[in-house]
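What follows is a single structure, written as structure tokens, with notes after it.
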Amino acid sequence: QVQLVESGGGLVQPGGSLRLSCAASGSPSIIHRMGWYRQAPGKQRELVADVTVDGFTKYGDSVKGRFTATRDNAKNTVFLQMNNLKPEDSAVYLCHARISVSEYWGQGTQVSVSS
């Protein structure tokens, strides 16, 4: 069974930076897509960044130019570097992976941006 474990969330002031990590365990086969979604209270879950096994990355419109997602395929890990954070970035950030037709989600890590 594949499990996703996130780390790196926390509280940061507006304009600050955070780096999230997500590691997949359980000896997964090829992880076709791996990335991040977020969900704030009362809002729908939205795409933050999604990286294919070939390194093609899609970003949500609200984070383009501020967030960078990268993958280490050898370690089944995906990272999210978040710069110039804004209060509206506050949410639970969830790691997501697609392996063939199966989808997996992490438990989530809280990111709070506040002065």
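Step by step: first the residues of segment 100-111, then only those that are within 18 Å of residue 47 (Cβ to Cβ) and among the β-branched types (Val, Ile, Thr), then the one that is least open to solvent (accessible area, probe 1.4 Å). Which residue is that?
Our first condition is that a residue be within 18 Å of residue 47 (Cβ to Cβ); within segment 100-111, this holds for 103-106, 108-109, 111.
From what is left, the residues that are among the β-branched types (Val, Ile, Thr) are 109, 111.
Working: 109: 21, 111: 0 Å².
Ranking the candidates gives 111 first.
Working carefully through the options 17, 29, 90, 114, find the one that is buried (at least 16 other Cβ atoms within 10 Å of the Cβ) and touching a residue at least 40 places away in the same chain (Cβ under 8 Å).
90
For segment 36-84: of the residues being closer than 17 Å to residue 97 by Cα and of a type in the set (Phe, Trp, Tyr), which is most open to solvent (accessible area, probe 1.4 Å)?
56
The values are calculated or read from the model by the stated rules, or taken from the named source; none is laboratory data. The structure displayed is predicted, hence computed values, not measured ones. Cβ sites come from the backbone with ideal geometry, for glycine too, and all protein chains shown count toward neighbours. Only protein heavy atoms, including side chains, enter the accessible area calculation; ligands, DNA and RNA are left aside. Shrake-Rupley method; radii C 1.70, N 1.55, O 1.52, S 1.80 Å.
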